[in-house]
1. If a residue must be part of a helix (DSSP H, G or I) and in contact (Cβ under 8 Å) with a residue 12 or more places away in the chain, how many such residues does the stretch 52-73 contain?
2. Give me the pairs: first residue in the stretch 13-41 and farther than 10 Å from Ala63 by Cβ, second residue in a loop (DSSP other than H, G, I, E, B), beta-carbon distance under 6 Å, and six or more apart or on different chains, which are they?
3. Of all residues in the stretch 26-47, how many are β-branched (Val, Ile, Thr) and surrounded by fewer than 18 Cβ atoms within 10 Å (Cβ to Cβ)?
4. Are there any pairs with C-beta distances below 6 angstrom linking a residue in the stretch 94-120 that is free of Cβ contacts under 8 Å to residues at least 60 places away in the same chain to a residue that is surrounded by 11 or more Cβ atoms within 10 Å (Cβ to Cβ) and among the charged types (D, E, K, R), with the two at least 6 apart or on different chains, and if so which?
5. Please go through the stretch 1-12 and give me each residue that is farther than 18 Å from Met58 by Cα and in a helix (DSSP H, G or I), ordered by number.
Amino acid sequence: MSKILVVEDEQHQRELYAMELQDEGYEVDQAANGREAVEKVKANKYDLVVLDIRMPEMDGIEALGKILSRDKKIPIIIYTAYSNYKSNFMTWTADAYITKSSNLDELKGKIQEILAGRSK
C-alpha cells in the first residue's frame, strides 16, 4: 500500500482528499501547512506528496524546496487553486502541477500514473 502525504490548510478539503485517497487504497497522512509537511517528511517515508501552495506558516513552494533537499526522489504533485504559480521556476521541480477541481479524478489519475511509473 502506497503512503501519501496530503498538505492542505483548509481542513475540510484536506479531510475530503484523505478520504477519497483512502477509498482508492492508499494510506494517507495529513499536514495543515508546509512546516508540518517538512516535519512529517523528516519523520516518515512517503511514496508521494500532494502539496497546496498558499498556506500559513510555510507556503508550498518553500516546503517543496525543503522536502526535495531532504529526498530528491519523492514525487510531489502541486495541487492548487492558483494556476499563476505554474510559471514559478520552483514549481517546475514538482512531478505534476494540477489546478484544483471539485472532481478529484485528475488528481487520482496523476497519483496512480506517478506511482505506477516508480514501481517499474
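The values are calculated or read from the model by the stated rules, or taken from the named source; none is laboratory data. Keep in mind that what you see is a predicted model, and the values were worked out from it rather than measured. Glycine gets a Cβ as well: all are built from the backbone with ideal geometry, and neighbour counts include every protein chain shown.
1. 10
2. Final answer for the pair search is Arg14/Glu8; Glu20/Leu104; Tyr26/Ser2; Glu27/Met1; Ala32/Asp9.
3. Qualifying residue count for the region: 0.
4. Pairs found: Ala96/Lys110; Tyr97/Lys86; Ile98/Glu106.
5. His12, the sole residue that qualifies.
Matching residues to (1) surrounded by 15 or more Cβ atoms within 10 Å (Cβ to Cβ); (2) touching a Lys or Arg at 6+ places or on another chain (Cβ under 8 Å):
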residue: Asp9; (1), (2): yes, yes
residue: Arg14; (1), (2): yes, no
residue: Glu20; (1), (2): yes, yes
residue: Glu24; (1), (2): no, yes
residue: Val49; (1), (2): yes, no
residue: Glu57; (1), (2): no, yes
residue: Lys66; (1), (2): yes, no
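Yes/no per residue for (1) modelled with pLDDT of 85 or more; (2) surrounded by 11 or more Cβ atoms within 10 Å (Cβ to Cβ):
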residue	(1), (2)
Tyr82	no, yes
Phe89	no, no
Thr93	no, yes
Ala96	yes, yes
Thr99	yes, yes
Asn103	yes, no
Lys110	yes, yes
Ile114	yes, yes
Gly117	yes, no
